[in-house]
Amino acid sequence: MYPENHSTPAVEDYAKAIYSLTGARAETASTTDLADRLGLTPSSVSAMLRKLGQDGTVEHVPYHGVRLTPKGERIALAVLRRHRLLELFLAETLGVPWDRVHREAEVLEHSLSDELTELMAAKLGNPSVDPHGDPIPTRELDMVEPPTRDLTELEPGEKATFVRVSDSDPEMLGYLSELGVSIGQELVMIGQQPFDGPFEVRAGDRTVALGRNLCRAMRMDGPG
Ligand SMILES: [Zn+2]
């Protein structure tokens, strides 16, 4: 049912969730954080993590949670490669709006064969980022994540390029599109309104007011 050499969708989803919590760093993810992220109860997450420990996908770190083994990390990077290529393919080739591609890719990422994945990558010109600015792991499963900071970290008057945004909140993405704010655009921080009010930001020839949560989801390229 699922392509040869792929893990089951559940294993892929766990590997991806752990990777997104710990990144490539050797940090650990706790059962509670994973349960939150996957929308599952801590007891079902614990049970699955025991199984993933037995098959060598994760390693348990006493009192801290789990981290991916090299095998688990390859599973995560392979599913991220399929997910991000699918998002770009859906957006560029089929014209699916960028706030909807994530939901479609969440389902398709488990059923795409390696052969089809590589055909899609070639068709897209072996891209290095998806429509949300997330880096796409290479065919060899290497992934470079350039350092970024969130929009609230800009000083008044500072400008930076909007390089990346979380793909998991379609309403946030839809809202940014409505404001005319898009990936690759240069934004200038004007300043924050008093009493923790919205941040005023210059985007092209307009000024937009963005709330703190939204600003924190928006990743900007590093200083200098
Ligand atoms: Zn996505």
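Let's see how each residue does on (1) free of Cβ contacts under 8 Å to residues at least 60 places away in the same chain; (2) surrounded by fewer than 20 Cβ atoms within 10 Å (Cβ to Cβ); (3) not assigned by TED's automatic domain parsing to the domain that holds Ala121; (4) not in a loop (DSSP other than H, G, I, E, B):
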{"residue": "Glu27", "(1), (2), (3), (4)": "yes, yes, no, no"}
{"residue": "Ser44", "(1), (2), (3), (4)": "yes, yes, no, yes"}
{"residue": "Ala47", "(1), (2), (3), (4)": "yes, yes, no, yes"}
{"residue": "Lys51", "(1), (2), (3), (4)": "yes, yes, no, yes"}
{"residue": "Tyr63", "(1), (2), (3), (4)": "yes, yes, no, no"}
{"residue": "Lys71", "(1), (2), (3), (4)": "yes, yes, no, yes"}
{"residue": "Arg81", "(1), (2), (3), (4)": "no, no, no, yes"}
Condition set out of contact with any Asp or Glu (no Cβ under 9 Å at 6 or more places or on another chain) and of a type in the set (A, V, I, L, M), scope the range 95-115, selection farthest from the ligand (Cβ to nearest atom): answer is Leu112
Exception for Ala121 within (1) part of a helix (DSSP H, G or I); (2) within 15 Å of the ligand (Cβ to nearest atom) falls at (2)
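Residue by residue, here is whether (1) farther than 20 Å from Glu104 by Cβ; (2) more than 16 Å from the ligand (Cβ to nearest atom); (3) of a type outside the set (A, V, I, L, M) holds:
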site	(1), (2), (3)
Thr28	yes, yes, yes
Thr41	yes, yes, yes
Gly53	yes, yes, yes
Val58	yes, yes, no
Arg74	yes, yes, yes
Leu77	yes, no, no
Glu87	no, no, yes
Among residues of the range 168-186 being among the charged types (D, E, K, R) and not in a helix (DSSP H, G or I), the residue modelled with the highest pLDDT is Glu186
Within the range 59-79, the residues that are small (Gly, Ala, Ser) and within 27 Å of Asp114 (Cβ to Cβ) are Gly72, Ala76, Ala78
Expected single match for β-branched (Val, Ile, Thr), at pLDDT 95 or above, within 25 Å of Met172 (Cβ to Cβ) and in contact with a helix residue (DSSP H, G or I) (Cβ under 7 Å, 6 or more places away or on another chain) among Val79, Val101 is Val79
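The values are calculated or read from the model by the stated rules, or taken from the named source; none is laboratory data. Owing to the predicted nature of the structure, the values given are computational and were not obtained by experimental measurement. Here the Cβ is made from the backbone with ideal geometry for all residues, glycine too, and neighbour counts use every protein chain on show.
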